[in-house]
Structures are given as C-alpha cells and as structure tokens.
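Following: one structure in structure tokens, then a few remarks.
The values are calculated or read from the model by the stated rules, or taken from the named source; none is laboratory data. Only a predicted model underlies this, so the values are computations on that prediction, with no experimental measurement involved. Note that we place each Cβ from the backbone using ideal geometry, even for glycine, and neighbour counts take in every protein chain shown.
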Amino acid sequence: MEETASLVELRQIVADAKREGKKVGFVPTMGALHEGHISLIRAATNDCQFIVTSIFVNPTQFSPDEDLDKYPRPKEQDLKACSDAGVDLVYLPTPASVYPEGYATYVDVEGISQLWEGKHRPTHFRGVTTVVTKLFNSVLPDVAYFGQKDYQQQLVIRRMVADLDMPVEIKTCPTIREPDGLAMSSRNQYLSDTERQTALALQRALQHANEQLTSGNRDLNAIQAEMTSILQHDDSVAIDYAVVVDPDTLQLLKKPQAKMVALIAARVGSTRLIDNMIIEITSI
Ligand code: AMP
C-alpha cells in the first residue's frame, strides 16, 4: 500500500493504475476508521482493481462550535486498517493544501441540503460537497462509496453528481452496527459507558417505527411522537429531529407509503449522533 499527501503524486499513481486498465474505487473518510469504513473499502475491492481511500478531517464541514479540534486522528492505526483491508493508496492531504490562502470556491446543493442535518448544521453540507468535489477532481475515481449511515449526505452527493455531470458512479453501502445495534461512528468513542447505553435509544426508536409501520399502523404523527418519547426516556438525550420522511425528497409524509426512511439526530450528553432506517411496507 502506498500513501501520499501530495496531489501531484496522487494523480500520477492513479493515472498509472488507469493506464493498466484498472477500475478505480474511492472511499473518502475522516479517519478514525471502524468496521463501517472498512465495509466501504471491502465493497470497493469487490468492484474495482485499484482502491483509494482519503483520510481528511475536513474543516469546512465543521461549524466553529463543533468538534474539529478534538476529532480523533489515530493515523498509524488507520493506515494499518487500510492496508489490511486491501487499500492500494491512501491520500492524506493537509488542510492548507486543500484550502490554501485565498481559497474562495464552494459547492452548494440547494433544497435537500437545507433540510434536517442542514437545519441543525447550516454550513455542513456545503463543506461536504465542496471537499468531495475536490477529492473527486483529485482522484478521478470510477466509483465512490458512501455509507447509508449518513443517509442525507449520500442523497446530497448523488444530487451533486447528477447536477454537475460528474463522471463517477455513487454506491451506498449498508450501515454497520455494533452487536447491540448502535450504528458505528468515529464519534461513539466520545460516549461514556452510561451514555453508550443511553445511545441505544436511537436504534430502539427506529425499530419501533419500523415495527409499527410494517404491522399496519398508519398514524405517522403518533409513531413520530413515540420515537420522541423513546429517545426522551433518558434526560441526557436532546433530540434534533426524529421523523419519518420520503426517501428521495426527505419531505415529511402525510401518510405511510411503500418506501420511507426514519431519520434521527440527537445529542447524548455532548455527543451528537445520527442514525436512520429504511422502512418498506407492502400493504398501504
Ligand atoms: P466519516 O469518516 O464519518 O466521514 O465517514 C466516511 C464514510 O463512511 C461515509 O460515507 C460514511 O457514511 C461511512 N460510514 C460511517 N459510519 C458508517 C457505518 N456505521 N456503516 C457504514 N458506513 C459508515
């Protein structure tokens, strides 16, 4: 496995792989890699012959009051995990190289970026779409892999790729969970043991919505209220949103439909967690 912080070197190495006829798969990450990230790398190794992973804690997707400085950066551990998972090249750019003095260009996906996560983190998606655009322009991948864990993020990226005619295929991979159901996240390591238990309420609330809808409950208002009350069972949980929405537009629904997605964002203590579940019903 090779690693580089240099854009010039990255481009050379990827160009060499392409010249050999290899399909290039790309997994962008912020590091502190866990099985969720590794599952994306595995998906890439199934489809592609040359795998690039980027590790970059992107400052533009954090607001000033968020955890940019304390975000975990276990570089050696991450490099080993990449190597073990079959990554060919790790790209580790620095903030100063991605956003040099005078940097002024941002990519903004309207509409869908302003909902849910966008309401609570108003500059977040603009930072994500900007860095992903730059990374796509740097790596020039054939396929890029994102997690369903960040459901809205992958939708925003799909919108951007379609709107801007970016020549890359987007694949979304299932959420990887701990054995007890907690969605894996680099931020889980901020949780105390007690908070870690409390955090299971997110998964419980999603499962409740799924059970209710699949067993024929059509009262979305009641179901969303129950999700809220499951989350609020512990007073260390502060909910940003707990809703059932259309899987493509993320708009609230008046009534259940064949395919829906339940979205939750909540703080447990000072750690903000998100999770979601796609819910499909047959009788509507
Ligand atoms: P991050 O390092 O948090 O920016 O995440 C990098 C990529 O890994 C994103 O596409 C995430 O959606 C994905 N990811 C994060 N956690 C998980 C998980 N538990 N399961 C699957 N994918 C994940």
Practice task
List every residue pair whose Cβ atoms lie under 6 Å apart, where the two residues are 6 or more positions apart in sequence or sit on different chains, the first residue falls within the stretch 102-116 and is within 16 Å of residue 137 (Cβ to Cβ), and the second residue, located anywhere, is surrounded by 14 or more Cβ atoms within 10 Å (Cβ to Cβ).
Solution key: 106/126; 106/130; 107/129; 107/130; 107/133
Fill in the blank from the handout: Given the conditions (1) buried (at least 16 other Cβ atoms within 10 Å of the Cβ); (2) of a type outside the set (D, E, K, R); (3) touching a residue at least 60 places away in the same chain (Cβ under 8 Å), every one holds for residue 5 apart from (1)
Practice task
Confirm whether residue 87 is surrounded by 19 or more Cβ atoms within 10 Å (Cβ to Cβ), assigned to a loop (DSSP other than H, G, I, E, B), in contact (Cβ under 8 Å) with a residue 40 or more places away in the chain and in contact with a strand residue (DSSP E or B) (Cβ under 8 Å, 6 or more places away or on another chain).
Solution key: yes
Completion exercise
Note: among 180, 193, just one is out of contact with any Ser or Thr (no Cβ under 9 Å at 6 or more places or on another chain) and either more than 16 Å from the ligand (Cβ to nearest atom) or basic (Lys, Arg) (or both), namely 193
Practice task
Scan 115, 155, 164 and give me the residue that is of a type in the set (A, V, I, L, M), out of contact with any Asp or Glu (no Cβ under 6 Å at 6 or more places or on another chain) and farther than 21 Å from residue 263 by Cβ.
Solution key: 164
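This table checks each residue for (1) assigned to a helix (DSSP H, G or I); (2) away from the ligand (no atom under 16 Å from the Cβ).
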position: 3; (1), (2): no, yes
position: 12; (1), (2): yes, yes
position: 15; (1), (2): yes, yes
position: 21; (1), (2): no, yes
position: 25; (1), (2): no, no
position: 32; (1), (2): no, no
position: 39; (1), (2): yes, no
position: 45; (1), (2): yes, no
Handout entry: Filter pass, residue 78 being in a loop (DSSP other than H, G, I, E, B) and among the acidic types (Asp, Glu)
Key = no
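Residue by residue, here is whether (1) within 17 Å of residue 93 (Cβ to Cβ); (2) under 23 Å from the mean Cα position of the chain (by Cα) holds:
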{"residue": "17", "(1), (2)": "no, no"}
{"residue": "30", "(1), (2)": "yes, yes"}
{"residue": "37", "(1), (2)": "no, yes"}
{"residue": "41", "(1), (2)": "no, yes"}
{"residue": "52", "(1), (2)": "yes, yes"}
Completion exercise
Selection over the stretch 33-49 where residues are surrounded by fewer than 21 Cβ atoms within 10 Å (Cβ to Cβ) and in contact with a Ser or Thr (Cβ under 8 Å, 6 or more places away or on another chain) yields a count of 1
Exercise for the section: Please work out if residue 51 is within 17 Å of residue 141 (Cβ to Cβ), in contact with a strand residue (DSSP E or B) (Cβ under 7 Å, 6 or more places away or on another chain) and in a helix (DSSP H, G or I). Expected result: no
Practice task
Search the stretch 270-284 for residues that are farther than 24 Å from residue 198 by Cβ and of a type in the set (Ser, Thr, Tyr) and pair each with any residue that is surrounded by fewer than 18 Cβ atoms within 10 Å (Cβ to Cβ) and modelled with pLDDT of 95 or more when their beta-carbon atoms are under 8 Å apart and the residues are at least 6 apart or on different chains.
Solution key: 282/258; 283/216
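So that you can scan it fast, the table gives a plain yes or no per residue for (1) within 15 Å of residue 277 (Cα to Cα); (2) touching a His at 6+ places or on another chain (Cβ under 8 Å); (3) surrounded by fewer than 17 Cβ atoms within 10 Å (Cβ to Cβ); (4) among the basic types (Lys, Arg):
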position: 204; (1), (2), (3), (4): yes, no, yes, yes
position: 207; (1), (2), (3), (4): yes, no, yes, no
position: 214; (1), (2), (3), (4): yes, no, yes, no
position: 222; (1), (2), (3), (4): no, no, yes, no
position: 225; (1), (2), (3), (4): no, no, yes, no
position: 229; (1), (2), (3), (4): no, no, yes, no
position: 234; (1), (2), (3), (4): no, no, yes, no
position: 244; (1), (2), (3), (4): yes, no, no, no
Exercise for the section: Pick out the one residue from 57, 52 that is β-branched (Val, Ile, Thr), surrounded by 15 or more Cβ atoms within 10 Å (Cβ to Cβ) and near the ligand (Cβ under 9 Å from one of its atoms). Expected result: 57
Practice task
Please state which one of 157, 176 is of a type in the set (A, V, I, L, M) and more than 16 Å from residue 278 (Cβ to Cβ).
Solution key: 157
